[in-house]
Structures are given as C-alpha cells and as structure tokens.
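Following: one structure in structure tokens, then a few remarks.
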Amino acid sequence: MENQVNPLKQYFRKPGIWIKLPSQGNFYKGKLIDFNDMGEIPVYPMTAKDELLLKNADALLNGTAVYNLIKSCVPSITEPTAMPAIDLDAILVAIKRCTYGENIDISTDCPSCQTKNEVTVNLNHVISNIKVLETLSPIDFDSGIKVFIKPVKVSDLLSLNWVQFEQIRNIQIAEQNNTDETTKVNLLQQSYQILTEKNLEIVSGCIDTVLLPDSVAVTDHENIREWINDLSKPEFAKIENAIMVTSSMGVDKEFSVTCKNCNTDFKSSLDLNPTTFFA
Ligand SMILES: [Zn+2]
C-alpha cells in the first residue's frame, strides 16, 4: 500500500517559473538539483499550508517559515539555511510571482510632500533583471594579506534577526518593569556586546581564505576567527563593507516613482523581508 503511486500525482504543482540565481549555484553545499543549462532552477507556487505558515509570527522569526517555504517551492535547494542570502531575495520574488501573478501594488510616501503614492511593480521585470554575482575580488591589506570572502548565508540572517529580536525584547521588558537605571545601562551594554559578538561571528564566517604574502592559504575557521577578533577597527570595517556590498547584489530592489501630487521623481525600493513581503 505504502508504495502505491497516487493517481493525483500527475496533477501536483508544476514549476511556475525558472529563475537565474545571483550566486549561479556557487557557495552551496554540493550541487543543486535540476540546475539547467541556462543556470536556472524551477520555482513552484505556494500551497495553502505555506501561505498559512507565513502568517505565523513565531515561525517567521525563528526561520521555520522561510525554511519550509523554500523546501516546498524550491525543491532544488536541499539545505535552505546554508544557501547564500543573495539568492533568497531572488527566490522570494519568484515565489510571489508564480503564486500571485506578475504585478504587485506598493504604497510609497513621496519624500518631498509626503503624499502616499500607489505604485504597481512588475515582478517579471524584477526577475529578468536579476544580476549574477561576478567573481569576488579579494580585499587587499597593507600587510600584503589578501582576504577572499563569500556571501552571507541565510542562517546568518536568521540568527542575526533572532538575536536582535531578543535584545529588543529584553530592553522592552526592562522598560515595562521600571527597572532601575544601572540595570538598564548594564542591559544595554550586554546587548551591545552580544550583537558585536554575533557580527564578528558572521563576518568571520564569510571569510573563505586568507592568503598570506608568502602564498600560504589559511582556511581553518578557528584560526580565521581568532585573527578577526584581533583586527583593528578600520581593517575589520574594510572586510565588513566588502561583505555588505556583496549582500546588496543580485536583485535590483529600486524602482522609480513620480509623485501624483507634486510630480517629484524619486526612488523607492521593494521590501523583501518575508514578514512584510507576503503580508
Ligand atoms: Zn510629492
């Protein structure tokens, strides 16, 4: 009985769209399934269950919603949390496109007269403009060291969101309980320290190789982590900025708006945070 094929199987969801990944399938653990010659993977529309999970605040916050959404709609990706975060943006746009159609309505405020403008953004256009990540050039240090980076992973984003949420919540609880000033200051310092630690962890996790002037390549994560902890602030910022530049590649979120009230032209951008993007 267990192995009997469901006659409805042929009517199961079909891919809604094939998309190009900004990472081109690089930086994944192992090769992607169903990666075609054009460098694209299939994306399926959401099920009712997927949609329901996206309305669950806890599931969104702890990452379960995003994890399950990718498992369901992008079966090519077997380990969603290990994927580069730049691909997540492209995937979220594609899921939205094949579930709800090509146009989305966005409300955006004019920076000049504050009038609310309703704009329609065409997701097909966004998808066809996805840029692939070219080879990442290494970061050069005055000491002759070269640092080779890789993009931030989805798991990094999720754990950062979680840590930020916890810190904000702790501070809110302290406010509500009328905690004394000293305790509050301690709490803030502690929060700052936890966030700094998290940041160090993410940045060192994005370093693939450190190439020394004598051509010795350091790839051991513990060694890299120890070196990162010891870096001067400007050197650390140099690596951090390069990682941030990488994170902004892939999906072009910007679009142009002309205010219906004062005719001012301004730029607005798509908010791809799953919490709001699927609301
Ligand atoms: Zn205006």
Qualifying positions in region 234-279 - at positive phi and more than 16 Å from the ligand (Cβ to nearest atom):
Gly250
For Ile86, indicate whether it is under 15 Å from Gln24 (Cβ atoms) and modelled with pLDDT of 95 or more.
no
Can you give me the ranges of the helices (runs of 4 or more DSSP H) entirely in region 13-129 with at least 1 residues that are away from the ligand (no atom under 16 Å from the Cβ), of a type in the set (Asp, Glu) and under 30 Å from Thr258 (Cα atoms)?
85-100
Looking at Val251, Val245, can you tell me which residue is out of contact with any Phe, Trp or Tyr (no Cβ under 9 Å at 6 or more places or on another chain) and in a loop (DSSP other than H, G, I, E, B)?
Val251
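Listed here are the residues, each with its yes/no results for (1) at pLDDT below 90; (2) in contact with an Asp or Glu (Cβ under 9 Å, 6 or more places away or on another chain); (3) among the hydroxyl-bearing types (Ser, Thr, Tyr).
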| residue | (1), (2), (3) |
| --- | --- |
| Glu102 | no, no, no |
| Asp105 | no, yes, no |
| Thr108 | no, yes, yes |
| Cys113 | no, no, no |
| Val132 | no, no, no |
| Lys146 | no, yes, no |
| Lys150 | no, yes, no |
Pick from region 130-168 the residues that are touching a strand residue (DSSP E or B) at 6+ places or on another chain (Cβ under 7 Å) and basic (Lys, Arg): which of them is nearest to the ligand (Cβ to nearest atom)?
Lys153
Across region 106-121, what is the total count of residues that are of a type in the set (Gly, Ala, Ser), in contact (Cβ under 8 Å) with a residue 24 or more places away in the chain and surrounded by fewer than 13 Cβ atoms within 10 Å (Cβ to Cβ)?
0
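Does any residue of region 26-34 turn out to be among the polar types (S, T, N, Q) and either more than 19 Å from Ser248 (Cα to Cα) or in contact with a Ser or Thr (Cβ under 7 Å, 6 or more places away or on another chain) (or both)?
no
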For region 122-150, name all the residues that are farther than 30 Å from Gly205 by Cα and either surrounded by fewer than 18 Cβ atoms within 10 Å (Cβ to Cβ) or touching a Ser or Thr at 6+ places or on another chain (Cβ under 8 Å) (or both).
Asn122, Asn124, His125, Ser128
If only one of Tyr100, Tyr67 is under 14 Å from the mean Cα position of the chain (by Cα) and surrounded by fewer than 22 Cβ atoms within 10 Å (Cβ to Cβ), which one is it?
Tyr67
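The values are calculated or read from the model by the stated rules, or taken from the named source; none is laboratory data. Everything quoted here is computed from the prediction, not taken from an experiment. Glycine gets a Cβ as well: all are built from the backbone with ideal geometry, and neighbour counts include every protein chain shown.
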